[in-house]
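The values are calculated or read from the model by the stated rules, or taken from the named source; none is laboratory data. Here the structure is a predicted model, which is why all the values come from computation and not from measurement. Using ideal geometry, Cβ is built from the backbone for each residue, glycine included, and neighbour counts are taken over all protein chains shown. The accessibility values were calculated without ligands, DNA or RNA, using every heavy atom of the protein model including side chains. Shrake-Rupley method; radii C 1.70, N 1.55, O 1.52, S 1.80 Å.
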Amino acid sequence: MATITQLEKAGVLAKLDAQLSHKQQEFRCFYASQKLVGWLQNDLYAATSQHNLEQTPAEQVDALFEIYCSGGELIYEWTFKDIRPIGSGVWEFKTADVRIFGWFCSVDVFVGVVADFAWRIKKHNLYAGYRDEVLRFIGLLEIDEPKCLMGGVEDGIVSNFDYPDT
Amino acid sequence: MGSFQISITPTRRVATRFISLVRRSLLKALMEESETSGLTQTDVAKTIGVHRSVINRELRGMKDITLGRVAELAFSMGREIEFNLVKPQFEMGRNIPKIVVGPISAGENTTPLVRRNGVPTVSTKNSNLVAA
């Protein structure tokens, strides 16, 4: 069994460098599977916003990563959300056009496994498939126990979050 | 595999993060007003004269926000906007002001020790000790 840092050194996971400004400090960590890194560095750049937004999907993800890594306030259900069934340990990070699926291996340490465009996930109903892909990835990963933080948003898995005004 | 980045141009990185910052500031203000005075997205929408779903989509990032709408949203929340363009005080790799040390002359106007950002330092009109 290995730690997350050892898995990074072994090339199983890659750590996100969020390109924070000199005024910011990294408070949260984001790791990615090889598959996710490939998607972020290839598929993501070719895409345009399905909502005709000024921010391209790649720019949306960059802004999301900045907020996440710098410890900014996350909005439950708007920027991150647990995947049903709640408590399975699988979470998604969201922008207008992108969804990133993964899990928290410890508080404020997220491991992204797979990502896709929101329109595609909704059109083909891919949520369950991606949830299961994350669970399979966790199962195969030789990482120290507990592999995955279980529980909901109130269980202290993520720091500094709030709920939207509804 | 090491580390990876989202590769976008520096200008677009600044732009996208600014858009995100403005949106979060608006949302934070609405949350605070909601907590203190019970203001809702519906109230904001009524003041501006649009449907609530428009406000919701703008705050969620599903719809672009114009500069005019930023002002309308702020007004509807009873807030004012402060907008400044400042020169950066800090440089990459340095998170404290650059100190240039020179000869110190202890004149009448010298204040021996003051605290700047919590750090004791010398501040005097006659001194060459400046924060650059």
Residue count, the range B:13-29 (criterion: of a type in the set (D, E, K, R) and open to solvent by 70 Å² or more (accessible area, probe 1.4 Å)): 2
Going residue by residue through the range B:30-39, is there one that turns out to be open to solvent by less than 70 Å² (accessible area, probe 1.4 Å), in contact with an Asp or Glu (Cβ under 9 Å, 6 or more places away or on another chain) and touching a residue at least 40 places away in the same chain (Cβ under 8 Å)? yes
The range A:107-123, subset more than 17 Å from A:ARG84 (Cα to Cα) and part of a helix (DSSP H, G or I), residue least open to solvent (accessible area, probe 1.4 Å): A:ARG120
Considering every residue within the range B:58-75, establish whether at least one is of a type in the set (S, T, N, Q), surrounded by 15 or more Cβ atoms within 10 Å (Cβ to Cβ) and at pLDDT 95 or above. no
Go through the range A:9-35 and give me each residue that's closer than 15 Å to B:GLN5 by Cβ, open to solvent by 20 Å² or more (accessible area, probe 1.4 Å) and facing chain B (nearest Cβ under 8 Å). A:LYS15, A:ASP17, A:GLN19
Based on this model, can you work out whether A:GLU92 counts as within 21 Å of B:LEU59 (Cα to Cα), crowded, with 20+ Cβ neighbours inside 10 Å, away from chain B (no Cβ under 14 Å) and modelled with pLDDT of 95 or more? yes
Filter the range A:36-67 for residues that are more than 10 Å from every other protein chain (Cβ to nearest Cβ) and touching a strand residue (DSSP E or B) at 6+ places or on another chain (Cβ under 6 Å); the one that is least open to solvent (accessible area, probe 1.4 Å) is A:PRO57
Only one of (1) within 14 Å of chain B (Cβ to nearest Cβ); (2) under 26 Å from B:GLN41 (Cα atoms); (3) of a type in the set (A, V, I, L, M, F, W, C) does not apply to A:VAL153, and that is (1)
Filtering the range A:72-82 for residues that are in contact (Cβ under 8 Å) with a residue 40 or more places away in the chain and open to solvent by 20 Å² or more (accessible area, probe 1.4 Å) leaves a count of 4
Quick one: count up the residues across the range B:39-81 that are on the phi > 0 side of the Ramachandran plot and either at the interface with another protein chain (Cβ under 10 Å from one of its Cβ atoms) or touching a helix residue (DSSP H, G or I) at 6+ places or on another chain (Cβ under 8 Å) (or both). 2
